[in-house]
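Read through the structure below, which is laid out as structure tokens, and then see the notes.
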Amino acid sequence: MTADWIVVGSGFTGATAARVLAERGLRVVVLERRANVGGNAFDERTADGVYLHKYGPHLFHTSSERVVKFVTRFASWRPYNHRVLGEHEELRYPLPPNFVLVDLLTGRSSRAVQEVLLATYGAGTRVPLHVLEHHESLDVRDLAGRIREMVFTPYTRKMWGEHAAELLASTEARVPFVVGYDEGYFTDSFQAIPADGYSEFFNRVLDHPRIAVETNHPVGLAALPTAQPVIFTGGLDELLENRLGSLPYRSIRFREHVTSERLPHAATLNFNDGRPQTRVTDMGFTACSKVLSTVWVEETPEPFRPGANEALYPIPAARWRDVHNKYVALLGDSHPNVVVAGRMGRYQYYDMDQACATALRIGSQA
């Protein structure tokens with residue numbers, strides 16, 4: 001098909017943008033380097049009805065009415081409120097950390113500390129840890145320090161290979177302290193998973209007479225048009241042949257274990273201690289009914305090695321963002337027709353709804 005637009009990548013950004021462009025009457029070719037569409041949200045259904053997320057658990061949550069209106073056109077979404085536990089050696093507690101952890105750490109003085117937090121921030125407030133670390137109360141500051149060492153420091157070092165001080169503040173703010181006993185991981189008004197899985201969702205998004213999809217089709221700089229408009233969602237350092245040096249990414253080594261045992265009280269258990277693994281997830285939460293067997297997926301972070309594993313997470317540090325911005329400028333000089341988008345393209349930690357919202361805007365304005 002002769003295309004008005006080329007979209008490189010078929011994850012949430014690429015698929016959403018392609019659909020919006022097609023519904024505007026434009027012909028779109030989607031080029032996907034993998035054998036399947038859906039990017040890192042790709043999943044497969046087991047014989048027992050569990051949708052195995054091949055690149056770690058994907059929990060869709062948003063408070064954007066525009067995003068909800070879009071995604072609900074292509075799937076039946078089952079309400080799902082995610083629960084996460086943290087484990088530090090023998091101690092287990094809810095995540096984000098809340099008053100349960102205060103009780104465990106401060107014992108008899110717990111109520112007094114809680115009253116200070118309630119008076120300062122109000123019940124239900126979610127407060128970044130670094131804010132607690134600067135509270136006027138010594139007890140609150142001490143508590144924040146203990147939470148950092150028990151929850152954030154070990155996990156951050158494993159996940160990112162960096163000390164927390166080197167990362168953007170927004171990274172830590174993703175897991176705030178909850179003033180109260182609420183154990184919900186997210187607070188968005190729409191929290192759900194597609195009843196038929198993410199892969200089917202993406203197939204429906206891309207099922208349009210003006211969209212052609214080509215899988216197993218990597219795109220290099222030599223094949224990138226210089227006039228035809230393009231939305232590019234891949235890594236710019238690889239595209240531009242590492243002219244400014246490689247950008248670092250984190251990858252994950254996944255180990256799957258089929259079992260009839262369910263993870264109790266939560267779908268995910270984070271390991272916030274010296275173990276090399278960061279978490280394990282019971283994928284049974286994706287099934288619409290009770291299952292005979294589920295799949296536990298254990299994750300161990302590792303550096304991205306081209307050709308050996310997948311680049312899954314841009315490292316959220318200012319120094320690498322600066323290098324990325326130089327790559328954006330470099331691409332703009334040679335290919336002003338290219339719109340850079342997506343988690344990899346923008347070198348930012350986007351949630352799925354953020355990627356979708358950005359693509360809706362790009363597709364409607366392009």
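The values are calculated or read from the model by the stated rules, or taken from the named source; none is laboratory data. Treat the numbers as computed from the prediction; the structure is a model and nothing was measured. Every residue, glycine among them, receives a Cβ derived from its backbone with ideal geometry; neighbour counts consider all protein chains shown. Remember, those area values only see protein heavy atoms, side chains included, never the ligands or the DNA or RNA. Shrake-Rupley method; radii C 1.70, N 1.55, O 1.52, S 1.80 Å.
Things worth noting here:
- Per residue, the convex hull volume that the Cα atoms of region 204-351 enclose (Å³): 171
- Computed extension gain for Glu115 through Asn36, at 0.36 nm per residue and net of the alpha carbon distance, reaches 23.2 nm.
- Farthest positive-ward along the chain dipole, Cα basis, beta-carbon charges - from Thr72, His130, Thr278: Thr72
- Kirkwood estimate for region 107-244, i.e. one over the average of 1/r between Cα atoms, Å: 20.1
- Residues with amide H under 5 Å from that of Arg78, placed H, sequence gap 5 or more: Ile193, Ala195
- Unit Cα scatterers, Debye sum, region 278-366: log10 I(q)/I(0) for q = 0.22 Å⁻¹: -1.20
- Compactness of the chain - radius of gyration and Dmax, Cα, Å: 21.7, 71
- If R0 equals 22 Å, the separation of the Cβ atoms of His130 and Val100 corresponds to a calculated FRET efficiency of about 0.55.
- For region 25-145, accessible area per residue (1.4 Å probe, heavy atoms of protein chains only), Å²: 47
- Rg/Rh (Cα only; Kirkwood hydrodynamic radius) as it applies to region 116-169: 1.02
- Stretchable slack from Ala195 to Leu312, in nm (0.36 nm times residue separation minus alpha-carbon distance): 39.7 nm
- Virtual paramagnetic centre 7 Å along Cα→Cβ of Leu138, amide N under 13 Å, in region 111-125: none
- Estimated Rh, region 9-134: Kirkwood, alpha-carbon pairs, angstrom: 19.1
- Measuring nothing but protein heavy atoms, the accessible surface of region 122-260 at 1.4 Å probe radius is 49 percent carbon and sulfur.
- Spin-label pair Asn242/Thr300, simplified geometry with 7 Å Cα→Cβ offset, distance in nm: 2.5
- Difference of contour (0.36 nm per residue) and Cα-Cα distance, Arg78 to Asp48: 9.0 nm
- Candidate lysines - alpha carbon under 26 Å from Lys158, same-chain residues fewer than 8 apart omitted: Lys54
- Highest average packing first - 153-159, 207-213, 7-13, 167-173, Cβ atoms within 10 Å: 7-13, 153-159, 207-213, 167-173
- Within region 272-366, the trypsin sites (Lys or Arg not before Pro) that combine a DSSP coil assignment with at most 10 other C-beta atoms in a 10 angstrom radius are Lys290.
- The charge dipole of the chain, taken about its Cα centre with unit charges on the Cβ of Lys, Arg, Asp and Glu (plus for the first two, minus for the last two), comes to roughly 680 debye.
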